[in-house]
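Asks: I'd like to ask you about the structure that follows.
The values are calculated or read from the model by the stated rules, or taken from the named source; none is laboratory data. Values in this document were obtained by computation on a predicted structure and should not be read as measured data. Cβ placement follows ideal geometry from the backbone for every residue including glycine, while neighbour counts extend to all protein chains displayed. Quick note on the areas: whole protein, heavy atoms, side chains included, nothing else; ligands and nucleic acids left out. Shrake-Rupley method; radii C 1.70, N 1.55, O 1.52, S 1.80 Å.
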Amino acid sequence: MHAQVPPGPREWPFVGSLLAFNRDPLQFVDRLYRAYGEVATITMMGLRFFFFAHPRAVKYILVDNARNFTNREAYPELRMLIGDGLLTIDGAEHRQQRRIVQPAFHRTRIERYAGTMLEYTRRMLESWEPGAEVDVADAMSRLTMAIAGATLFGVDLVEETAAIGRAFLQAAEYTDLPVIALGHLPINLPFTPYGKFVRAKQQLDEVVTRIITGRRHGNQEGDDVLSMLLAARDENGVPLTDRQVRDHVLTFLAAGHATTANALTWTFYLLAQHPRVMTKLTDELTTVLGRRDPSVEDLPRLPYLEAVVKESMRLYPPAWAQARRAVADFDLEGYHFPAGSYVIVSQWVTHRRRDLWQNPEQFLPERFEPAAESEIPPLAYFPFGAGPRTCIGMPFAMMESRLVLAMILQRFRPMLVPGFRVVPRALIILQPANGLRVKLEQAERPVQVTSGSSLG
Ligand code: HEM
């Protein structure tokens, strides 16, 4: 066991590495790994963080010793926005509430959402014209939000998606500001970052309250997430408080749309630059689907589609890092760490390690084809996290991203608008800083958009 703390960069007094981290979080964590290897120490605002890069540490923290690492204290900024939803509660409370909503995410239940996913995609495609330019990041954000609203809460959010998306982004930008930045001061005026955050949060709370009130006054039946939250009783027969339900709904709305939207956006970005992959994928779609829309039953027969989505999340993981706070002392990578330590693991770094991936910078979906996938070392790839807090929406997201991608590519080839520069921006979710402007080229043998079954 080493006597000292793990090595780390030279830092400013008190603020530590905060400014360097905030300037470019991805480059910062890359440099940490290259300079210090498996574990590095950084401080920010007097707090000490340990950054781990090996899948072994991912397993230790997220899986084997998950109970020793809390979420609640690791995401104070996120809690300002989403309160105490599934992502930000711990221990027995987390286990109990995860059990309550889990049935809404069972495979058979999720499969019933497929019709809604296809119908909203169809509606979006009706307004897309060959040759038009669209911001595909914005389009995917609206689409996934509308799908989340309809499937999880039984509401049509289509008219509000732009406003809700903006409110989420504004709130995420505020919680991402360096704590020492002047803009962070809690001065509630229309033009201050804090004022904008307060209004964004109010707007989101209003939407969520409306969703809940609508259900309380209307049909209480149903087996979506909202009905499960409203029907839940603890062992003493006590229901969740209004606030608990509101925080859960907000968490699902936040966690359930920007992640999948960005997974899709990065996939279009990569496909536009890799014609070989695009052709192989569209050939698979034509062979298996011909000229009809995809269905859940088709998905197992579209292995390259799945491989493309997975490889895209390796290179551009929408959730690019997770933090935790240790409850008790622990030993890892030859060091002893005291209770209260903050730890960070990062998909961005682990998914791109040279010792774990051949040509890690290259977009090669073949790595995830069934025969090759078993060669990937355990937890070298963890886009949905791992252990007891693995993303509850993973089957939902994997189904949604494949169905949406297939339907769009049956009709269009989104190509990058010449001169449009894509810069990754690592807020809570990894996203292109200025959206993704594409030109919609028509597919060789485009499939017509036909009005499908009714929503539901
Ligand atoms: C490509 C899409 C998605 C990605 C990459 C993703 C990623 C993740 C990751 C990495 C975590 C673990 C966070 C941690 O350990 O601190 C997580 C948790 C979570 N995700 Fe997702 N997610 C996606 C889609 C979804 C969807 C569609 C939903 C809901 C419909 C959802 C709801 C949640 C919730 C509620 C949690 C908290 C689970 C818990 O702590 O028990 N996610 N997600």
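Asks: Given a 1.4 angstrom probe, I'd like the percentage of the accessible area of segment 6-117 that is carbon and sulfur, rounded to a whole number. Could you put the intermediate results ahead of the total?
Replies: Working: 2890 of 5360 Å².
It is 54 percent, rounded to a whole number.
Asks: Could I ask something else about it? Rounded to the nearest 0.05, what FRET efficiency do Arg34 and Gln358 have when you use their Cβ-Cβ distance and R0 = 22 Å? List each step's numbers first, then the result.
Replies: Values: r = 18 Å, r/R0 = 0.84.
That gives a FRET efficiency of 0.75.
Asks: Something else about it: Rg and Dmax of the chain over Cα atoms: what are they, in angstrom?
Replies: In order Rg, Dmax, the Cα atoms of the chain give 22.1, 67 Å.
Asks: Relative to the present Cα-Cα distance, how much length would full extension add between Arg301 and Trp12 at 0.36 nm per residue of separation? List each step's numbers first, then the result.
Replies: Values: separation 289, 0.36 × 289 = 104.04 nm, distance 5.46 nm.
Here the segment from Arg301 to Trp12 would lengthen by 98.6 nm.
Asks: Please list, ordered by chain and number, the residues whose modelled amide H lies under 5 Å from the amide H of Thr43; skip anything fewer than 5 residues away on the same chain.
Replies: Those lying under 5 Å, H to H, from Thr43 are Ser17, Phe49.
Asks: Shifting gears a bit: Tally Lys/Arg at +1 and Asp/Glu at -1 over every other residue whose Cβ is under 13 Å from the Cβ of Glu375; what's the total? Display every interim value, and only then the final one.
Replies: Numbers: positive: Arg367; negative: Glu366, Glu369, Glu373.
Local net charge: -2.
Asks: Treating segment 91-147 as a set of equal point scatterers at the Cα positions, no solvent, please give the Debye-formula log₁₀ I(q)/I(0) at q = 0.25 Å⁻¹.
Replies: For segment 91-147 at q = 0.25 Å⁻¹, log10 I(q)/I(0) is -0.99.
Asks: What are the semi-axes of the equivalent ellipsoid of segment 1-75, taken as the square roots of 5 times the eigenvalues of the Cα gyration tensor, listed largest first and rounded to whole Å? The partial results should precede the final answer.
Replies: Numbers: eigenvalues 90, 47, 35 Å².
Square roots of five times the eigenvalues give 21, 15, 13 Å.
Asks: May I pose another question? Would you work out the relative contact order for segment 288-413, in percent, from Cα pairs under 8 angstrom that are 6 or more residues apart?
Replies: Values: 126 pairs, mean separation 37.9, N = 126.
It comes to 30 percent, rounded to a whole number.
Asks: Name the shape class, rounded, prolate or oblate, that the alpha-carbon gyration tensor gives for segment 259-301, where a ≥ b ≥ c are the square roots of its eigenvalues, rounded holds for a/c under 1.5, and otherwise prolate holds if a/b is larger than b/c and oblate otherwise. If you can, show how the numbers build up before the last one.
Replies: Details: a/c = 2.80, a/b = 1.33, b/c = 2.10.
Oblate, since a/c reaches 1.5 and b/c is not below a/b.
Asks: Which residues does the label zone of Met1 cover in segment 312-338, counting backbone N under 15 Å from a point 7 Å along Cα→Cβ?
Replies: Label zone hits: 328-338.
Asks: What number, rounded to the nearest 500 deg cm²/dmol, is the helix-based mean residue ellipticity at 222 nm of the chain, given -39500 (n - 2.57) per DSSP H run of at least four residues and division by all its residues?
Replies: Values: 17 runs with 208 residues, N = 456.
It lands at -14000 deg cm²/dmol.
Asks: Quick one: of Lys310/Lys439; Lys196/Lys439; Lys59/Lys196, which pairs are farther than 29 Å apart, Cα to Cα? Present the calculation step by step, with values, prior to reporting the outcome.
Replies: Working: Lys310/Lys439 24 Å; Lys196/Lys439 33 Å; Lys59/Lys196 39 Å.
Pairs exceeding the cut-off: Lys196/Lys439; Lys59/Lys196.
Asks: Here's something else I'd like to know. Taking all protein chains as present, what is the carbon and sulfur share of the accessible area of segment 268-410, in % to the nearest whole number, probe 1.4 Å? Intermediate results must be reported in sequence, preceding the final value.
Replies: Working: 2960 of 5250 Å².
The C+S portion of the solvent-accessible surface of segment 268-410 is 56 percent.
Asks: Among Arg112, Arg199, what's the order by accessible area (1.4 angstrom probe), most exposed first? Numbers along the way, then the final one.
Replies: Values: Arg112 140, Arg199 95 Å².
From most exposed to least exposed: Arg112, Arg199.
Asks: Averaged per residue, what accessible area in Å² does the chain show with a 1.4 Å probe, protein chains only?
Replies: Numbers: 20400 Å² over 456 residues.
Computed with neighbouring chains in place, this is 45 Å² per residue.
Asks: Still on this structure, please answer the following. Whenever you get a sec, line up Ser127, Ser227 from highest to lowest accessible area (probe 1.4 Å, protein heavy atoms).
Replies: Numbers: Ser127 85, Ser227 10 Å².
My answer, sorted largest first, is Ser127, Ser227.
Asks: Which net charge results when you count Lys and Arg as +1 and Asp and Glu as -1 among the other residues whose beta-carbon is under 10 Å from that of Gly387?
Replies: Numbers: positive: Lys59, Arg67, Arg389; negative: Asp64.
Here the charged neighbours net out to +2.
Asks: Continuing with the same structure: What does the charge add up to near Ala74, with Lys and Arg as +1, Asp and Glu as -1, over the other residues with Cβ less than 11 Å from its Cβ?
Replies: Working: positive: Arg72, Arg79, Arg324, Arg325; negative: Glu73, Glu77, Asp90.
Computed value for this residue: +1.
Asks: Next up: Please compute P(r) over all alpha-carbon pairs of segment 312-417, binned at 10 Å starting from zero, and give each bin as a whole-number percent.
Replies: 11, 33, 34, 16, 5, 1
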